[in-house]
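First comes the structure, then the notes that go with it.
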Amino acid sequence: MMATTYERRLRRGRRCWDLASATYYRGLERMLAPLNELALKHLELEPGERVIDIGCGTGAGLAVWRDAVGPDGSVLGVDYSPRMLTRAQRVTEAHGWPNVRLQRADIARDSLGDNEFDAAVALSSLSATPDVRAAVEIAHAALRPGGRILVFDMRLIVTGHVFKRAAIRLGRATYRATAGFAGADVIHELQRTFATVAPAFPSGEFGTTISFALAIK
C-alpha cells in the first residue's frame with residue numbers, strides 16, 4: 001500500500017530526529033538551557049502540578065520541570081523518535097525520578113490524556129508534526145481548564161524584503177525536506193483552539209520566523 005503524505009512526513013521527521021539525537025542535538029541541548037529557564041518563568045509551575053513536555057527530545061528539560069513541581073508533582077516526556085527517548089531514558093534512570101515517565105507517541109494522532117495536566121511545554125516540536133492543527137487540539141485536550149502551554153517554535157511566515165522572503169522560502173523547503181514540515185502556522189492554530197494566546201517575547205510580538213507564546217485553555 002502506498003504511504004500517505006502524512007505517513008511520509010512522519011517517517012521523514014523520525015529519521016531526522018533519530019539522527020539528530022546523536023549529532024548536533026548535543027549542541028541544541030545547550031542552546032535550549034536558557035530557553036527552558038524562560039519557559040519555567042512564564043509557566044509559573046508550582047509544587048504538585050502535572051506537566052507534559054511535548055517533544056521532550058533527549059530530556060534536556062526534564063530536570064527543570066521536575067525540580068519545579070517537586071516530588072508531589074509529575075512530568076511526562078513525549079517524543080516520536082525512539083533514539084531521542086532512549087537518551088531521555090538514560091537521564092531519568094541516572095536521576096532515579098519516580099515521578100517522571102516517558103512515552104513514545106505521535107503527538108498529532110495519539111491521545112495525551114483528557115483534562116489531565118496543569119501545564120505543557122512544546123519547544124520546537126509542534127511545527128515538526130505533519131498535522132499541526134491536530135497536535136494543538138490534542139495538547140488542548142490534555143490540559144485541564146485553565147491549564148497553560150508554553151510554545152517556542154518555527155513560524156516561517158514569508159514576509160519582508162525580497163532577500164528575507166527568499167531566505168524564508170529556502171528555510172521552509174529545507175525544513176520540509178529534512179523533518180516533514182507541513183507549513184502550518186503554529187500561532188494561528190493556537191489562537192483557533194485556546195481561549196487566550198499571548199506573546200512571550202519581551203517585545204510583545206509573536207514573531208514571524210520564530211514564535212514564542214503562552215496559551216491558556
Residue satisfying all of: in region 91-114; under 16 Å from D53 (Cβ atoms) and outside any loop (DSSP other than H, G, I, E, B); farthest from the chain's Cα centre (by Cα) among these
H95
Scan region 115-129 and give yes if some residue there is without any contact (Cβ under 8 Å) to a residue 40 or more places away in the chain, touching an Asp or Glu at 6+ places or on another chain (Cβ under 9 Å), farther than 21 Å from M154 by Cβ and outside any strand (DSSP E or B), otherwise no.
no
If you check every pair at least six apart or on different chains, which have Cβ atoms under 9 Å apart with a residue in region 31-51 that is on the phi > 0 side of the Ramachandran plot first and a residue that is assigned to a loop (DSSP other than H, G, I, E, B) and crowded, with 21+ Cβ neighbours inside 10 Å second?
G48/G73
State whether the residues of region 194-215 include one that is out of contact with any Phe, Trp or Tyr (no Cβ under 7 Å at 6 or more places or on another chain), part of a helix (DSSP H, G or I) and either surrounded by 15 or more Cβ atoms within 10 Å (Cβ to Cβ) or modelled with pLDDT of 75 or more (or both).
no
Quick check on my filter: what residues within region 36-65 are more than 16 Å from W97 (Cβ to Cβ), in contact with a Ser or Thr (Cβ under 9 Å, 6 or more places away or on another chain) and at pLDDT below 95?
G55, G57
Where a residue in region 62-89 is part of a helix (DSSP H, G or I) and its partner, wherever it lies, is among the basic types (K, R) and surrounded by fewer than 22 Cβ atoms within 10 Å (Cβ to Cβ), with Cβ under 7 Å and at least six apart
P82/R104; L85/R104
Within region 66-91, considering residues that are of a type in the set (A, V, I, L, M) and in contact with a helix residue (DSSP H, G or I) (Cβ under 8 Å, 6 or more places away or on another chain), the one modelled with the lowest pLDDT
M84
All conditions in (1) within 26 Å of F194 (Cα to Cα); (2) touching a helix residue (DSSP H, G or I) at 6+ places or on another chain (Cβ under 8 Å); (3) of a type outside the set (V, I, T); (4) surrounded by fewer than 18 Cβ atoms within 10 Å (Cβ to Cβ) are true of L112 except (4)
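The values are calculated or read from the model by the stated rules, or taken from the named source; none is laboratory data. Here the structure is a predicted model, which is why all the values come from computation and not from measurement. Ideal geometry is used to build each Cβ from the backbone, glycine not excepted, and the neighbour counts take in all protein chains shown.
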